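Notes follow the structure.
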Amino acid sequence: MPAEEQILVVDDSPETLEVIERHLVPAGYRVISVPGVAEAVRVLTNVRVDLVITDLRMPDASGMDLVRHVRENLRDTEVIMVTGYASIPGAVEAVRGGVQEYLAKPFTEAELVGAVERALDRRRLRRPGRLPKERLAPAEWGLLGESPAMRSVYRMIAKAAESDATVLLTGESGTGKELVARAIHYQSRRRSAPLVPVNCGGIPDGLLESELFGYCKGAFTGAHETRNGFFQAAAGGSLFFDEVSELGLPMQAALLRVLQDKTVTMVGSREPRTVDVRILAASNRRLEARVEQGAFRQDLYYRIHVIPLELPPLRERGDDVFLLVRKFADRFARELGKPAPAFTDHALAALRAYPWPGNVRELENVIQRLVLMGESDRIDAPDLPSLMRFSADRGSCGQRTLAEVEVAHIRDVLQQTAGNKSRAAAILGIDRKTLRAKLQRRSRPDA
């Protein structure tokens, strides 16, 4: 935690001051404690304070008086309201006064530290520039996130990297399955050998066998030379089968033989060759369902389902959205040679509340567009795409299923792109094949 971040705690209870200080100082924050509003104003006049934590009810002047002072005089200082008299009217008044964090006594250490981290993250995001390095990179290999769901993913990556067992990565499109595959490979003993990605849905079935296993000169028309396949190219390393569910049944049988025998036979040859390759597979479709439908071999499923790792969708990763927003904004601004934009609280709230059916890839595309098209150094809620802003005629997302939200989102994007499926897929952070499948499911009566 950056040592320069300073917190002012205001409460007429010495016990509360002691509890808050005891929780925050070990977390790396510098804390100033005062018993009332008058003392707090004197501190704020002479000392730079990043965050004020104030009680609501105090003698002489209330916490709301202090909130108004902060909002009118210190635009970059965050406020957390703490009270032993929690009530809906009190919360409403606090929110109207500019308070976004409202803690009721008694609170736990985790609740307090979590509120402090969220408040300080909002402050950093309002200011151009990067988040501190230690908060931008909780994991290597391009992964970013501090939520419990992502910390669980990091632990699974570390365990998977310790062995050569086959890994099956599952999760919605855009959740970062290839990044996780790279993290596993480059933390394993195979890190000095190649990681070769194979897009199972992007290579026609007729070409996939020769691409995977290689071919001999004269094996077919146009085979003017002997060429190694992906398995030979990944020797000693790893093969990443992206969207393995798209493999046809003949190629599934061929892959199963390789996993069983550790050998491949080039097209046009009868001589099997031993290969030393680890298999990492990924799918955004439930392979169990594909097995039940007869579209995926059960024996192959068990072969690749040795270490299962499911990636969480962005909507379940909480405040990771803020870290990703800052990362993408910094990167695209740097590429464009312009200052990184600041984000208003309203913009951040809208980005945080949006369900992100396209996950991290969709967020990346949105931030790129905002940085590219932005005409000022601040991004506010009206700058966001219309489907991310509140509209009374859409109804409450909280009363719709995820499938209904996704359908509405796809419809909005297609409308914005005048039906251009390639552009819509790019905005959604998915490929045309996935978009086509979603549209087909949407058109079915029972979808």
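Annotations for the structure displayed:
- Pairwise FRET efficiency - residue 305 versus residue 192, Cβ, R0 = 35 Å, nearest 0.05: 0.80
- Mean ellipticity per residue at 222 nm, deg cm²/dmol - from DSSP H runs of n ≥ 4 across the chain, formula -39500 (n - 2.57): -13500 deg cm²/dmol
- Modelled this way, with points 7 Å down the Cα-to-C-beta line, the labels at residue 273 and residue 233 are 1.3 nm from one another.
- Taking the charge dipole of the stretch 271-401 about its Cα centre, with +1 at Lys and Arg Cβ atoms and -1 at Asp and Glu Cβ atoms, the residue from 333, 384, 274 reaching farthest to the positive side is 274.
- Between the stretch 143-160 and the stretch 213-237, the alpha-carbon center distance in angstrom: 37
- If R0 equals 41 Å, the separation of the Cβ atoms of residue 163 and residue 353 corresponds to a calculated FRET efficiency of about 0.55.
- Efficiency of FRET between residue 338 and residue 439 - r from beta-carbon atoms, R0 45 angstrom, step 0.05: 0.75
- Multiplying the residue separation of residue 217 and residue 291 by 0.36 nm and removing their Cα-Cα distance gives an extension gain of 23.0 nm.
Every read-out reported here was derived from the displayed coordinates using simple, explicitly stated rules and does not represent laboratory data. Keep in mind that this is a model prediction, so the values were computed, not measured. Quick reminder, even Gly has a Cβ in these numbers, built from the backbone with ideal geometry, and neighbours come from all protein chains shown.
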